[in-house]
Amino acid sequence: MPTDNEAPARPDAMAVEDILAAMRRIDGYLDVSPADALALYRLAYAHAAQRLGRDVPVRDIMTATPATASPETTARDAARIMAAARVSGLPVVSGQTVVGVLSLTDLLRLLGLPADAGPAALIARLMTPAACTGAHPTPALGQTPVAALMTSPAVVVGPDVPRSEAARLMTGRGVNRLPVVDGTGLCGIVSRGDVVRSCRGVPGGCPA
Amino acid sequence: MTLFQKMRGAGASPPRVGAAEILWSFVGAVTGIALVAWLHEHVADPAGLSMLIGSFGASAVLLYGAPKSPLAQPRNLVGGHVLSALVGVTARLALPSPDWLCCAVAVAAAIALMHATRTLHPPGGATALIAVTGGPKIAALGYLYVLFPALSGALAMLAVALLANNMAPTRRYPEYWL
């Protein structure tokens, strides 16, 4: 997130004196008047902002056909699915209906870590010799069905929901991903990373 | 905005260029005009042709003084001189009198044609005018005026612009060819 003094100047803040300073930097004779250069800058800026800042629907930025789990999937299999897909959460579907979301945090809780513990807490515990002599996750824990661990009901969005609304939902509800659901059921998933990646090059960041 | 308010102007004028720019403009112009004038004196003139007309002085301003300008690019330099020479000779042959009208039509038609072909090059206006007013020697050339001096002079100036402008560490020429 750029701080205020790194943010690009808004077009209205740009003045002829800035254009003159830029012209001195370029040094060679420029065949344009400072007023025309300023007008050109403002029009180009407005065009770029419109092109890059359009609020796209999540359909355009989501990951289609995401990896999923079903309520009967075991915790161990769910962890394997996440590892294989290199994701940190899975929509839990029954048929095509989204019944919940399983995140890495939900699996960590199964290991007796505090409710708000993240993956680093697991690494810290694995690297502490004393902890290894204590209770180990038994194979039985891995048999726990996803239904007992998942967050349910899931916060979902429709494919036509704007990106800005998805960003607000993720921040407000404290989740990292939203299953995208249309009339027939699950059609994709949109993560915080998808939102950030889709904002690359937008002047001033994403539209609020 | 009234007519008189518009005439007052309201913008800032651009800054002066640096010393290096002035030096390289000088070096380019000295070399380019020297080449064209030498060719005129030693090659073209003895053969009854011409290489040196006033419009090349104006082309030197653009090529060596403002090489980034769209008006100074090869397409404009060569296209502008050749098309304007064609227009000028045609105007003189098709409209022998009155002279004042022939001059006006030659320059105006040259500007219109350069605009339409994206070859606008201000010295082209002079090339068209000189085709009409250049005196008996120019008139005797007929359409050869398009090749000597228009095309040949433009190519000689272009060759110098490619060398001189690209020898300058702060310059690059052309911006584009076509």
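All of the numbers you see were taken from the coordinates with simple rules; none came from a lab. These numbers were taken from a predicted model, which means no experiment stands behind them. Every residue, glycine among them, receives a Cβ derived from its backbone with ideal geometry; neighbour counts consider all protein chains shown.
In chain B, taking the dipole from charged Cβ atoms about the Cα centre, the farthest positive-side position among B:V30, B:A19, B:H81 is held by B:A19.
Put +1 on the Cβ of every Lys and Arg and -1 on every Asp and Glu Cβ in the protein assembly as shown; which of A:P114, A:C187, B:P122 then has its Cα farthest towards the positive end of the dipole? Positive-most Cα among the choices belongs to A:P114.
Neighbour counts of C-beta atoms inside 10 Å place A:D55, A:D106, A:D27 in the sequence A:D55, A:D27, A:D106, starting with the fewest.
When B:I22, B:I111 are arranged by Cβ crowding within 10 Å, least crowded first, meaning fewest neighbours, the order is B:I22, B:I111. For chain A, modelled as a GNM whose springs connect Cα atoms under 10 angstrom apart, the maximal fluctuation among A:L110, A:L169, A:L30 occurs at A:L30. Defining a contact as two alpha carbons under 8 Å apart and six or more residues distant in sequence, what relative contact order in percent does chain A show? Once divided by the residue count of chain A, the mean separation gives 26 percent. Highest average first, the peptides B:141-154, B:5-18 ordered by how many other beta carbon atoms sit within 10 Å of their residues are B:141-154, B:5-18.
Using θ = phi - 60° in the Karplus curve 6.51 cos²θ - 1.76 cosθ + 1.60, the 3J(HN,Hα) couplings for region A:78-89 round to 4, 5, 5, 4, 4, 4, 5, 8, 6, 10, 10, x Hz; x is entered for Gly and Pro.
Placing +1 on the Cβ of every Lys and Arg and -1 on the Cβ of every Asp and Glu, with nothing else charged, gives the protein assembly as shown a dipole about its Cα centre of roughly 300 debye. Against the longest principal axis of chain A, how steep is helix A:163-173, in degrees 0 to 90 to the nearest 10, with axes from Cα atoms? Helix A:163-173 sits at roughly 50 degrees to that axis. Annotation: amide H-H contacts under 5 Å for A:V93 (H modelled 1.01 Å from N, sequence separation of 5 or more, or interchain): A:A69, A:S70, A:V99. Normalised by the number of residues in region A:72-121, the average gap of Cα pairs under 8 Å and 6 or more apart makes the relative contact order 23 percent. The phi-based Karplus calculation (6.51 cos²θ - 1.76 cosθ + 1.60; θ = phi - 60°) puts the 3J(HN,Hα) values of region B:125-138 at x, 5, 4, 5, 5, 5, 4, 8, 9, x, x, x, 5, 5 Hz, whole numbers, x for Gly and Pro. Take each residue in A:29-40, count the other chain C-beta atoms within 10 Å of its C-beta, and the mean is 4.
Give me B:W100, B:W24 sorted ascending by neighbouring Cβ count inside 10 Å, so fewest comes first. If you can, show how the numbers build up before the last one.
Numbers: B:W100 8, B:W24 23.
The fewest-first ordering by Cβ neighbours comes to B:W100, B:W24.
Label sites at A:A13 and A:A140, each approximated as a point 7 angstrom past Cα along Cα to Cβ, lie 6.3 nm apart.
Each helix, a run of at least 4 DSSP H residues, gives -39500 (n - 2.57); summed and divided by the residues of chain B, these come to -18500 deg cm²/dmol at 222 nm. Determine the shape class of chain B: with a ≥ b ≥ c the square roots of the Cα gyration tensor eigenvalues, call it rounded for a/c under 1.5, and otherwise prolate if a/b is greater than b/c, oblate otherwise. It comes out oblate by the Cα gyration axes. The modelled label-to-label distance between A:S94 and B:R16, using points 7 Å beyond Cα along the C-beta direction, is 8.3 nm. The residue list A:A166, A:T74, A:V156 was ranked by how far each Cα lies along the charge dipole of chain A toward its positive end, using unit charges on Cβ atoms, and A:T74 comes out on top.
Largest GNM mean-square fluctuation across B:H121, B:H42, B:H81, computed for chain B with C-alpha springs under 10 Å, falls on B:H42.
Helix A:16-26 axis versus longest C-alpha principal axis of chain A: approximately 90°, rounded to the nearest ten. Working value for region B:54-129: equivalent-ellipsoid semi-axes of 23, 12, 8 Å, each the square root of 5 times a Cα gyration tensor eigenvalue, largest first. Compute the whole-percent fraction of alpha carbon pairs in the protein assembly as shown spaced more than 37 Å apart. Value for the protein assembly as shown: 54 percent of Cα pairs lie more than 37 Å apart.
Its residues counted as N, region A:24-114 yields a C-alpha radius of gyration over 2.2 N^0.38 Å of 2.08. Across region A:32-48, rounded Karplus estimates of 3J(HN,Hα) from the backbone phi angles (6.51 cos²θ - 1.76 cosθ + 1.60, θ = phi - 60°) give 8, 7, x, 5, 5, 5, 5, 4, 4, 4, 5, 5, 5, 5, 4, 5, 5 Hz, Gly and Pro being marked x.
From the square roots a ≥ b ≥ c of the eigenvalues of the alpha-carbon gyration tensor of chain A, which class results: rounded (a/c under 1.5), prolate (a/b over b/c), or oblate? Cα axes put chain A in the prolate bin. Could you check which residue among A:T151, A:T184, A:T171 shows the biggest mean-square fluctuation in a GNM of chain A with a 10 Å Cα cutoff? Answer for the Gaussian network model of chain A: A:T184.
Please work out the FRET efficiency for the pair B:T133 and A:R25, using the Cβ-Cβ distance as r and a Förster radius of 41 Å; give the result to the nearest 0.05.
Computed FRET efficiency for B:T133 and A:R25 comes out at 0.40.
Hydrodynamic estimate: the Kirkwood radius of region A:144-192 over Cα pairs, inserted into Stokes-Einstein at 10 °C and 1.306 mPa s, corresponds to D of 138 µm²/s. Set the Cα radius of gyration of region B:23-84 against 2.2 N^0.38 Å, with N its number of residues, and you get 1.17.
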